[in-house]
Amino acid sequence: MPDYPQLSLFINGQWRQTADTIPVLNPEDETVIGTTPMARRTDLDDALEAAETGFRIWSRTPAKERAAVLMRAAALMRDRADEIAHANTLDMGKPLAASKQEALRGAMIMEWDAAESLRQYGRVIEGTAGYRNTVLRQPIGPVAAFSTWNFPISTAVRKVASGLAAGCSIILKAPEDTPSGAYHVARVFQDAGLPDGVLSLLYGDAPEISGYLIPQTAIRLVTFTGSTAVGGHLGTLAAQHMTPVIMELGGHAPVLVCDDVDPAQMGQMGAARKYRNSGQVCTSPTRFYVAEPLYDQFCDSFLDRARATRVGSGFDAATEMGPLVHDRRLEAMSALVEDAVQQGAELKLGGKRHGNKGYFFEPTVLANVPDTARIMQEEPFGPIAILNTMSSLDDGIAKANSVDFGLAAYGFSHKATNLDRMVDGIEVGQLSLNTFDTSLPETPFGGVKSSGLGREGGAEGLSHYTVVKNVSHRSEIG
């Protein structure tokens with residue numbers, strides 16, 4: 001396998017280094033594996049200028065030609081999946097198979113957006129004699145995109161592919177903790193023949209870059225994936241300039257387990273999904289509300305599966321859960337567990353750092369957690385599961401809705417009436433019933449309440465990168 005890539009900024013079709021860099025750490029052993037260049041103000045100005053020029057070119061490029069570039073980029077992503085996955089596991093720590101799956105998912109997103117770009121139809125509205133009204137969808141303009149570290153390939157692809165499919169230019173600010181994913185995304189688009197200036201890639205001080213880019217008149221849309229706190233700040237900044245936003249923010253996903261399902265099966269399924277990506281997933285199932293008659297069996301099964309979770313190096317084929325991304329996540333997990341126990345929760349499993357090298361945290365289970373615990377209101381974003389009871393489905397729905405988040409939720413029952421009640425009652429943007437699968441390229445993804453604004457993915461996601469123009473046309477002057 002190749003060494004970790006030499007990372008660079010990508011501006012106006014050129015890769016450039018900067019004098020200021022920060023180290024990239026391998027979260028498995030805390031060794032330095034590379035450096036990330038930090039953008040300067042001049043780099044930001046160059047990226048803005050390139051985005052304006054690139055937009056004039058790309059927005060006038062026929063949709064079929066744009067789609068062809070996306071399809072070539074997808075093919076390159078598939079061809080390079082092993083190389084991309086290797087780098088992603090080095091700086092993210094996730095199992096190699098999961099890294100490769102993420103790269104392939106990025107290719108799927110590109111392919112879907114390429115096809116959907118050919119279906120951005122307008123319409124004609126009939127008027128009185130001699131009049132015609134035509135409704136058009138046109139690319140909104142240069143986009144400032146901020147992707148996150150937990151899925152560094154697919155979150156970057158989702159923003160870049162949708163924007164490019166719609167005809168926009170993109171300035172992508174990628175994460176410094178896991179920088180290789182966005183680097184490889186920019187590489188495949190350059191090699192696929194994307195015109196210079198249409199895509200720029202920046203790393204650097206996040207508040208400085210966002211604070212400079214978002215107020216610029218050239219920027220017509222801001223898209224961000226990350227925490228609710230940061231999203232609120234960026235949304236406020238954008239609103240001051242009447243710039244629309246797409247905000248994919250935090251979650252705290254509830255799981256409602258009704259009294260007509262197999263508790264042992266549900267415990268196994270829930271634990272297997274909870275510790276995916278070390279729990280660093282905005283849709284991670286976290287707050288399990290189990291019908292009281294099933295609770296003990298469910299807990300036993302969940303704990304059995306959690307204990308069996310193999311923690312280790314992402315390059316070990318047997319590993320199911322790798323490290324957290326940095327030491328700050330270790331501190332956050334420990335603080336949440338300590339607070340919950342002090343509030344009266346039962347620590348059933350884990351609760352502390354795993355080993356003394358790397359950022360590993362044990363698969364953790366808290367039971368009977370009171371609502372006063374911080375973890376009941378704050379997204380843990382790590383390998384901690386909460387196992388509580390619900391006295392009825394109505395009680396479970398009320399508990400599911402009791403937090404400010406509304407990104408994803410899960411419900412399990414064989415009764416159609418139960419499923420319908422969850423569809424009607426749970427306040428989320430993503431509801432998965434009898435499955436933990438969610439977020440496909442062809443379906444819209446996003447939240448309600450404090451979990452965000454707008455949607456990524458699906459036809460709805462692509463539409464955010466366009467503006468609607470109505471053309472009123474009279475056949476004769478007069």
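The values are calculated or read from the model by the stated rules, or taken from the named source; none is laboratory data. Owing to the predicted nature of the structure, the values given are computational and were not obtained by experimental measurement. For neighbour counting, all protein chains shown are included, and Cβ atoms are generated from backbone atoms with ideal geometry for every residue, glycine included.
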For P175: the one exception among (1) touching a Gly at 6+ places or on another chain (Cβ under 9 Å); (2) within 30 Å of Q377 (Cβ to Cβ); (3) touching a residue at least 40 places away in the same chain (Cβ under 8 Å): (3)
Among the residues of the range 358-367, are any surrounded by 23 or more Cβ atoms within 10 Å (Cβ to Cβ), touching a helix residue (DSSP H, G or I) at 6+ places or on another chain (Cβ under 9 Å) and part of a helix (DSSP H, G or I)? no
Taking the range 6-42, which residues are assigned to a strand (DSSP E or B) and farther than 30 Å from F360 by Cβ? L9, F10, I11, Q14, W15, R16
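Only residues that are in contact with a helix residue (DSSP H, G or I) (Cβ under 8 Å, 6 or more places away or on another chain) and on the phi > 0 side of the Ramachandran plot: list them for the range 251-280, please. Walk me through it before giving the result.
Taking the range 251-280 first, the residues in contact with a helix residue (DSSP H, G or I) (Cβ under 8 Å, 6 or more places away or on another chain) are 254-261, 263-268, 270-272, 274-277, 280.
Across the range 251-280, the qualifying residue is only N277.
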Helices (runs of 4 or more DSSP H) wholly inside the range 194-276 that include at least 3 residues being hydrophobic (A, V, I, L, M, F, W, C) and not assigned by TED's automatic domain parsing to the domain that holds Q138: 263-274
Within the set of pairs 6+ apart or on separate chains, which have a first residue in the range 419-445 that is without any contact (Cβ under 8 Å) to a residue 40 or more places away in the chain, a second that is part of a helix (DSSP H, G or I) and among the charged types (D, E, K, R), and C-beta atoms under 6 Å apart? P444/E460
Name every residue in the range 202-261 that is aromatic (F, W, Y) and closer than 14 Å to S147 by Cβ, in order of residue number. Y203, F224
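For A166, state whether it is touching a helix residue (DSSP H, G or I) at 6+ places or on another chain (Cβ under 7 Å) and closer than 25 Å to H233 by Cβ. Quick ask: steps written out before the conclusion?
On the way: touching a helix residue (DSSP H, G or I) at 6+ places or on another chain (Cβ under 7 Å): yes; closer than 25 Å to H233 by Cβ: no.
No.
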Which ones in the range 363-377 are closer than 20 Å to A271 by Cα and out of contact with any Cys (no Cβ under 9 Å at 6 or more places or on another chain)? P363, T364, L366, N368, V369, I375, M376
Residue under question is V403, and the condition is that it be among the aliphatic types (A, V, I, L, M), assigned to a loop (DSSP other than H, G, I, E, B) and in contact (Cβ under 8 Å) with a residue 40 or more places away in the chain; does it hold? yes
Can you spot a residue in the range 155-178 that is assigned to a strand (DSSP E or B), touching a Cys at 6+ places or on another chain (Cβ under 7 Å) and crowded, with 24+ Cβ neighbours inside 10 Å? no
Pairs where the first residue, in the range 16-29, is within 13 Å of D91 (Cα to Cα) and the second is of a type outside the set (V, I, T) and part of a strand (DSSP E or B), C-beta under 9 Å, 6+ apart: P23/G34; V24/G34
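Residues are listed down the side, and each one gets a yes or a no for (1) crowded, with 24+ Cβ neighbours inside 10 Å; (2) touching a residue at least 40 places away in the same chain (Cβ under 8 Å); (3) of a type in the set (F, W, Y); (4) under 30 Å from G425 (Cα atoms):
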residue	(1), (2), (3), (4)
A238	no, no, no, no
P244	no, yes, no, yes
V257	yes, yes, no, yes
D260	no, yes, no, yes
Q265	no, no, no, yes
Q268	no, no, no, yes
P293	no, no, no, yes
R305	no, no, no, no
E331	no, no, no, no
List the number of the failed condition for R105; all other conditions in (1) over 30 Å from V471 (Cβ atoms); (2) crowded, with 21+ Cβ neighbours inside 10 Å; (3) not β-branched (V, I, T) hold. (2)
Please go through (1) assigned to a helix (DSSP H, G or I); (2) out of contact with any Gly (no Cβ under 7 Å at 6 or more places or on another chain); (3) surrounded by 15 or more Cβ atoms within 10 Å (Cβ to Cβ) for L387 and return the number of the only condition it doesn't satisfy. (1)
Residue under question is V281, and the condition is that it be modelled with pLDDT of 95 or more, under 19 Å from L366 (Cβ atoms) and within 26 Å of the chain's Cα centre (by Cα); does it hold? yes
If you scan the range 15-60, which residues turn out to be surrounded by fewer than 16 Cβ atoms within 10 Å (Cβ to Cβ), more than 27 Å from the chain's Cα centre (by Cα) and of a type in the set (S, T, N, Q)? Q17, T42
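If you go through the range 123-130 one residue at a time, do you hit one that is of a type in the set (S, T, N, Q), in the same structural domain as E456 (by TED's automatic domain parsing), without any contact (Cβ under 8 Å) to a residue 24 or more places away in the chain and not in a strand (DSSP E or B)? Lay out the reasoning, then the answer.
Pass one, the range 123-130, residues of a type in the set (S, T, N, Q): 128.
This time we only want the ones that are in the same structural domain as E456 (by TED's automatic domain parsing), so: 128.
If we keep only those that are without any contact (Cβ under 8 Å) to a residue 24 or more places away in the chain as well, we get 128.
This time we only want the ones that are not in a strand (DSSP E or B), so: 128.
Looking through the range 123-130, at least one residue is of a type in the set (S, T, N, Q), in the same structural domain as E456 (by TED's automatic domain parsing), without any contact (Cβ under 8 Å) to a residue 24 or more places away in the chain and not in a strand (DSSP E or B).
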Restricting the first residue to the range 193-212 and requiring it to be surrounded by 15 or more Cβ atoms within 10 Å (Cβ to Cβ), which pairs with a second residue that is part of a loop (DSSP other than H, G, I, E, B) and among the charged types (D, E, K, R) meet a Cβ separation below 6 Å and a spacing of at least six or different chains? Y203/E176
Can you pull out the residues in the range 66-102 that are closer than 25 Å to T31 by Cβ, of a type in the set (A, V, I, L, M) and either free of Cβ contacts under 8 Å to residues at least 60 places away in the same chain or crowded, with 24+ Cβ neighbours inside 10 Å (or both)? A81, I84, A85, A87, L90, M92
